[in-house]
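Notes follow once the structure below has been shown.
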Amino acid sequence: MTRKQKRLAVIAGALVFLGGATTLTFYALGQRTSYFYMPSDLSAKPVEPGQRIRLGGLVEKGSIQRGQGTEVAFAVTDQEKTIKVVYNGLLPDLFREEQGVITEGAFDPAGNFVADSVLAKHDETYMPKEVADSLKEKGVWQEKDGG
Amino acid sequence: MVEIGHFALVLAFALSLVQAALPFIGARTRQDRLMAVGGPVAITAFAMTALSFLALVAAYVQSDFSVLNVWENSHSAKPLLYKITGTWGNHEGSMLLWVLILTFFGALVAAFGRNLPPVLKADVIAVQGLIGAAFFLFVLSTSNPFVRLVLAPIEGSDLNPVLQDVGLAIHPPLLYLGYVGFSVCFSFAVAALIEGRIDAAWARWVRPWTLAAWIFLTGGIAMGSYWAYYELGWGGFWFWDPVENASFMPWLAGTALLHSAIVMERREALKIWTILLALLAFSLSLLGTFLVRSGVLTSVHAFATDPTRGVFILALLAFFVGGSLSLFAFRAQSLQPGGLFQPISREGALVLNNLFLTTATATVFVGTLYPLALEAVTGEKISVGAPFFNLTFGALMVPLMIAMPFGPLLAWKRGDLAAAGQRLFAAAGGALLAGLVALLFVDGVTAFAAVGFGLAAWLLIGAVTDLVLRAGIGSVAPSVALRRFAGLPRSVFGTALAHFGLGLTALGIVSVTALQAERIVAMKPGDTVDISGYVLTFDRMEPVRGPNYTEDRAYFALATEAGRDLGEVISSKRVYTARQMPTTEAGIATRGFSQVYVSLGDPAANGGTVVRVWHKPLVTLIWLGALVMMAGGTMSLADRRLRIGAPARRKVKAAAGVPAE
């Protein structure tokens, strides 16, 4: 191979490699990400049972029910619509009524949201950013919630 | 004292402006006296910043609540250690630490750069000064830690409890030493671009700085990971959290730089690429600073949110990244390109390493910033989490790890892949054996995990193979082999150790991911839970009062299945009084390299307490591996050819910087 051919071969190899990496990245972005919804978004744009999403909102007052063992049920609300969430596991330290949370999981066929992770931030003024933004848009945001 | 600190900070800003201007003008007009100003000014700027930092520490130690920053982040009942470390546990203080370390590196270049060509040294110091001036301006105008309160409150509002921890005391300084350490590489690269000349000697001068920054960054990331593991109580070691990614990207780029600089030093090739990597490593550090400090991301780390700060750092980011890349675009043509070389050779292997590492950096970059970009453009909110990174990053790491042991076994210029493969028979056999044993004899190992175990074994044995072959262990008399082994260059040990460390980390990650056991149960005193051959008995719950918190402490007794007592595990739920903030303190029992991890949850309906128990096999290897990597880096740093004085042996033409005109 001449010098020029060799150079071309190296460049072609690198391009194929980068092309592969790019394809993989976009495939993963399409498949492995989850969208964020508030409860009222879901009535406008329902999602299929089994599709993974992130559901955010406030924990409705008086909705927390502790089951046998580690099961917990609560309702997530954005003051317009409310969705029932079931979760089996340890709740974060700052999980409280009327606090912002983000839960990740999917709907079961019965219409309950089965979460496999519940997030609340480690700061007493914390409100998840997505939740705060959406609540502000809806006008139910109160500064004392932690702005 | 506080005003002295404030004043010293302003003075350091002024000195940085001088440091940025005079040596630069001197270098352009070839005036030795102007260029010589840089060194002493850089050292004085560091002294002033140190004074300023000490003043803030003093305010924290004395609990001077007339200082806004101290009032917001400290409490008189806090233990002394956390009063001191609280200094950098907040936005303003940590930015002060950032500039302190920046000026520290500037002073180091000034003090130890005696054998650098004067023009190069002047340019490097000037660029350091420019970065310093920009960040001093940022600290003074948007994040001044010395702002006073008109009426001094009696008590402070305490430091965020999760930050009151030894791990967090060490994590930011280490991380910043790494982040900011890359500023020196950046300055060297900019200086080389300004002068339009670069050679092997340049690579030799830059390499120790890259290595030092890389060692600290490795330590900082590992420390942060371990802190998150035990303090947040979730038992995870890496969350692909945007802020973790922010520190991981410069590490990946820095690792690539470390390897490409070797090629440049030995073979005078990859010059332009090395320069670009040096610019990228620090640009990614700046990006990390922006992501963390501007609060654009939702993450466990974003404690500060203030739009003016975000805009300011964004402007700094645009200036330094945009400026340096434009300079690169204009000047890279003027650099003499190095020659091409055979793909199967040591340098070819190092290029492959660079290709994988930079692509991996790019995937992390996309995954971290794509949600931000999408939200800014369409308003849609998505989360890119572990599944994305595991797929893309993982797919890139596997071939890199397969290729890794080959690299050091290939000769420069023209390597022999078949010969290298032959030498790696032992490693391949060991890897196959490890995979098969895991698959057949360990419960719960999938084929996928078995491949992981095999890969880890491949890395570990492959790293040792190079040392064994070079010393001739097994092929020559033991005494000769021992003498040869002791006489190997330190950089060879450095490579072997660093690669071995990566193997350990990989083994830890594979083992925890594949074999970790988890139990979530509601327990009352007297209840037991079995996990991976251990029996954990809930003994009792006791209220305890700490210096600035109260806690419910749960005592567990750990024993083997056979009934042998292994001591007590204590886990607790704390409430920090000042902020009324609850935290979970995990109880961890270390057995060999494995750990039993106990975390407390809420009261359960039946009157017990929800307890989450994990058995994490070989989990400590994840961080021990990082320590071994750091040891490898330190070994390389101690190599003769990088030590001060060694440049005396350099070639005459390497004495760059002498005016060519």
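Computed with a 1.4 Å probe over protein heavy atoms only, the accessible surface of chain B comes to 39 Å² per residue. Annotation for B:A557 and B:L137: the two label points, set 7 Å from Cα along the Cα-Cβ direction, are 6.7 nm apart. The residues packed around B:V476, meaning those with a beta-carbon under 14 Å from its beta-carbon, carry a net charge of +3 if Lys and Arg are +1 and Asp and Glu are -1.
For chain B, the extents of the C-alpha atoms along the principal axes are 86, 76, 57 Å, listed from largest to smallest. With a cut-off of at most 14 other beta carbons within 10 Å, and DSSP calling the residue loop, which GluC sites (Glu not before Pro) in the stretch B:499-573 qualify? Please list them. Counting only loop positions with at most 14 other Cβ atoms within 10 Å, the GluC sites (Glu not before Pro) in the stretch B:499-573 are B:E561. A Förster distance of 41 Å, applied to the separation of the beta-carbon atoms of B:E518 and B:L325, puts the FRET efficiency at 0.35. Solvent-accessible area lost on pairing B with A (1.4 Å probe, both sides summed) amounts to about 3900 Å². Taken over the stretch A:1-122, the ratio of Cα radius of gyration to 2.2 N^0.38 Å equals 1.63. Mean sequence separation of contacting Cα pairs (under 8 Å, at least six apart), scaled by the length of chain B, corresponds to a relative contact order of 12 percent. Ranking B:S511, B:F538, B:P582 by how far each Cα lies toward the positive end of the dipole of the stretch B:482-618 (charges on Cβ) leaves B:S511 at the top.
Solvent-accessible surface, computed for protein heavy atoms with a probe of 1.4 Å, shrinks by 50 Å² or more for the following residues of the stretch B:591-629 when the other protein chains are added to the isolated chain: B:D602, B:A605. The mean sequence separation of alpha-carbon pairs under 8 Å and at least six residues apart, normalised by the residue count of the stretch A:65-107, gives a relative contact order of 26 percent.
Global dimensions of the stretch B:373-414 from alpha-carbon coordinates: Rg and Dmax equal 18.4, 53 Å. For the stretch B:514-555, heavy-atom accessible area (probe 1.4 Å) falls by no less than 30 Å² from the chain alone to the full protein assembly at B:I520. Could you look at the stretch B:43-173 and say what percent of its accessible area is carbon and sulfur, using a 1.4 Å probe and all protein chains? Within the stretch B:43-173, the accessible surface is 74 percent carbon and sulfur.
Rounded to two decimals, the Cα-based Rg/Rh of the stretch B:75-161, with Kirkwood Rh, is 1.15. A dipole drawn for the protein assembly as shown from +1 and -1 charges on Cβ atoms has a positive end, and of B:Y370, B:L81, B:L276 the residue lying farthest that way is B:L276.
Restricting the trypsin sites (Lys or Arg not before Pro) of the stretch B:87-194 to loop positions (DSSP other than H, G, I, E, B) with no more than 12 neighbouring Cβ atoms within 10 Å leaves B:R114. Summarising the label geometry, the points placed 7 Å from Cα in the beta-carbon direction at B:I170 and B:S66 lie 3.7 nm from one another. Taking the square roots of five times each eigenvalue of the Cα gyration tensor of the stretch B:62-220, the equivalent ellipsoid has semi-axes of 37, 17, 10 Å, listed largest first.
Between B:T590 and B:F7, the FRET efficiency estimated from the beta carbon spacing at R0 = 45 angstrom works out to 0.40. A P(r) calculated from all alpha carbon pairs of the protein assembly as shown, with 10 Å bins opening at zero, reads 2, 12, 21, 24, 21, 13, 6, 1, 0 percent.
Apolar share of the accessible surface for the stretch B:398-492: 72 percent from carbon plus sulfur atoms, 1.4 Å probe. Ellipticity at 222 nm from helices only: DSSP H runs of n ≥ 4 in chain B, each -39500 (n - 2.57), divided by the residue count, give -21000 deg cm²/dmol.
Averaged over the residues of peptide A:14-27, the number of Cβ atoms from other protein chains lying within 10 Å of each residue's Cβ is 4. Shape summary: the stretch B:515-607 maps onto an equivalent ellipsoid whose semi-axes, from the alpha-carbon gyration tensor, are 25, 15, 12 Å in decreasing order. Taking amide H as placed 1.01 Å from N in the peptide plane, the amide H of B:V619 sits under 5 Å from that of B:Q595, each at least 5 places away or on another chain. Comparing the full protein assembly with the isolated chain, the residues of the stretch B:371-399 losing at least 20 square angstrom of accessible surface (1.4 Å probe) are B:E375, B:E380, B:K381, B:I382, B:S383, B:P387, B:F388, B:L391, B:T392.
Annotation: for a label point projected 7 angstrom from Cα along Cα→Cβ of B:I344, residues of the stretch B:397-438 with backbone N closer than 17 Å are B:403-425. Rounded to the nearest 20, the Cβ-based charge dipole of chain B about its Cα centre (Lys and Arg +1, Asp and Glu -1) stands at 2700 debye.
The values are calculated or read from the model by the stated rules, or taken from the named source; none is laboratory data. Because the structure is a prediction, the values reported are computed rather than measured. Here Cβ is always computed from backbone atoms with ideal geometry, including for glycine, and neighbour counts include all displayed protein chains. Just so you know, the surface numbers come from the protein's heavy atoms only, side chains and all, with ligands and any DNA or RNA stripped out. Shrake-Rupley method; radii C 1.70, N 1.55, O 1.52, S 1.80 Å.
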